[in-house]
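Inspection log for the structure reproduced underneath, given as structure tokens.
Please treat every number below as a calculation from the coordinates, not as lab data. Keep in mind that this is a model prediction, so the values were computed, not measured. All Cβ positions, even for glycine, are placed from backbone atoms using ideal geometry, and neighbour counts span all protein chains on display.
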Amino acid sequence: MSSLAPALFISHGGGPMTVLGFKQFAGVRKFLEEDLQKHINLNEWKAIILITAHWEEKEVTISAKKHNELLFDYYNFPPESYTYKYGALGHPEIAQRLCNALNDAGIPAKLDTERGWDHGLFIPMMLINPAANIPIVQISMLDNQDAKPHYEIGKVLQQFRRDGIAILGSGMTYHNIDRFLSYTYKDGDDVVNKEFDDYLTKVCTAENEADRKAGLLAWKDQPGGLEAHPPGKAEHLIPLMMTAGAGGDKPAETICTCDCGAFRLSSYIWKDE
């Protein structure tokens, strides 16, 4: 029996900026490259099921190739950011098991053997595990951005942790892209999403799983929620819903709170069930 693998949600930064060394994301890079290792043991992971904020489909779609090209789904960055490589293998057998588990749970799912791995996968993984020696299965979100079905998808993912397969949600706790790219941000500005980020931390670390679920499903009603993730643009928050669903009965631990200029990005881990 493999060790119980964690479920973790990481805020991966903007496009390739974390890997490129943008000052704004220096704290995120240090977390992914160094500090995260204090909370995980990559040697115990048989594989990773990675939920990316950059893939939405009508039904849950799962990467099922063993060899995956990279999808450079960002624009207007330095040429070097279009030459990155990440050579981890896929795992078609786990992909099939996951597809079967979702369909058996009444959640329509299908396999994909065409789409490449997007930057929601390779940007953080280049920093988390540069050795690229752990196979990865990438999984999409639904395109409805509805928190409830995504939490239920996460509940199905939970069982894979008992086989040493980590669940990794890759998104961001703040992703108002209009403000995110604004040149009005300066060092020393107030953190615009402090209240909402504090709310997410309170909910994810709540002792009671029912309270955790209810709090996450009610994210739109919280002060600052729709400023942090505007209507129709919540794709970077949805991986947190899926990860929390996979987290089990125990509360999460906050493993990073990074101030990135005028906004804050947090990351969480569930280690127990």
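The chain: Rg/Rh from Cα coordinates, Kirkwood Rh?
Working: Rg = 17.1 Å, Rh = 18.4 Å.
Answer for the chain: 0.93.
Give me the percent relative contact order of the chain, please, defined on Cα pairs under 8 angstrom at least 6 residues apart. Display every interim value, and only then the final one.
Values: 586 pairs, mean separation 83.6, N = 273.
Computed value for the chain: 31 percent relative contact order.
Could you run the Karplus curve 6.51 cos²θ - 1.76 cosθ + 1.60 with θ = phi - 60° over the stretch 102-114 and give me ³J(HN,Hα) per residue in whole Hz, x for Gly and Pro?
5, 4, 5, 8, x, 10, x, 9, 9, 8, 10, 10, 10
If the cut-off is 29 Å between C-alpha atoms, which lysines fall inside it for LYS213, apart from same-chain ones fewer than 8 positions away?
Candidates past the 8-residue exclusion: LYS38, LYS46, LYS58, LYS110, LYS148, LYS155, LYS194, LYS202, LYS233, LYS250, LYS271.
Taking only DSSP H segments of four or more residues, each worth -39500 (n - 2.57), what value at 222 nm results for the chain once the sum is divided by all its residues, to the nearest 500 deg cm²/dmol?
Details: 10 runs with 83 residues, N = 273.
When only DSSP H runs of four or more count, the value is -8500 deg cm²/dmol.
Report the chymotrypsin sites (Phe, Trp or Tyr not before Pro) located in the stretch 49-99 that are in a DSSP loop and have at most 15 other Cβ atoms inside 10 Å of their Cβ, or state none. Mind showing how you got there, number by number?
Values: sites: TRP55, PHE72, TYR74, TYR75, TYR82, TYR84, TYR86; in loops: PHE72, TYR74, TYR75, TYR84, TYR86.
Answer in residue order: TYR75, TYR84.
How far is it, in nm, from the label point at LYS194 to the one at LEU111 when both lie 7 Å from their Cα along the line to the Cβ?
5.1
Which cross-chain or sequence-distant (5 or more) residues have an amide H under 5 Å from the amide H of ASN193, H modelled 1.01 Å from N in plane?
Distant-sequence amide H within range of ASN193: ARG264.
Counting only residues 5 or more places away or on other chains, whose amide H sits under 5 Å from the amide H of GLU57 once H atoms are built in the peptide plane?
MET141, LEU142, ASP143
Once the other residues with Cβ under 14 Å from the Cβ of LYS38 are scored (Lys, Arg +1; Asp, Glu -1), what is the net sum?
Local net charge: -2.
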